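The values are calculated or read from the model by the stated rules, or taken from the named source; none is laboratory data. Computed from a prediction, not measured in an experiment: that's the story for all the values here. A quick note on method: Cβ atoms are made from the backbone with ideal geometry, for glycine too, and the neighbour counts reach across all protein chains shown.
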């Protein structure tokens, strides 16, 4: 170990140190927001000097981009419908909407800090929210909207704006997750497992759009 006046620093391989900085930054951003978190605080939480943070990330913007890249790899954000590719190809409506709901709800509960991080980012007008929206949400709207349009052409779904259907469906999932993560973690209003919630929301959606 090497010591400085302010820190006792344990030497780590570069990749391991970079990952540690990312994790501490995500935790602090999710607790105090982007404006309320400094690189000095991130360094202190990681037990390193601020110069070490800048050795791995040139500035905070590069750190934000790295967080999004990390989450993209972790959650496969590059293809938001990968988990339901098979039911889409089989035109299995229940498999599509139930599978998407269950996958999303589980990811939200497994990574609550990232949900808080995105909320802070959006409220503060930060680029991370825009980057996430453009890399993940926009693609999901296009892909799921195309599926809904194809089922309308098959005369299985009612004719309505496909992206409005997507928004209604995603709205159920996001509202449920935000409520259970931020406002009602004990689920006093509505106690449901992810599986039960996914089944309920898929049923509500399909009952509403199926002829």
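Identification of helices (runs of 4 or more DSSP H) wholly contained in the range 21-127 with 1 or more residues that are under 25 Å from residue 179 (Cα atoms) yields 60-75, 93-110, 112-123. The number of residues in the range 59-90 being at pLDDT 90 or above and surrounded by fewer than 17 Cβ atoms within 10 Å (Cβ to Cβ) comes to 4. Within the range 177-206, being surrounded by fewer than 15 Cβ atoms within 10 Å (Cβ to Cβ), within 21 Å of the chain's Cα centre (by Cα) and assigned to a helix (DSSP H, G or I) holds for 179, 182, 183, 195, 196.
Might you check whether a residue that is in contact with a helix residue (DSSP H, G or I) (Cβ under 9 Å, 6 or more places away or on another chain), more than 30 Å from residue 60 (Cα to Cα), in a loop (DSSP other than H, G, I, E, B) and at pLDDT 95 or above occurs anywhere in the range 160-176? Looking for residues that are in contact with a helix residue (DSSP H, G or I) (Cβ under 9 Å, 6 or more places away or on another chain), more than 30 Å from residue 60 (Cα to Cα), in a loop (DSSP other than H, G, I, E, B) and at pLDDT 95 or above, one finds at least one in the range 160-176, hence yes.
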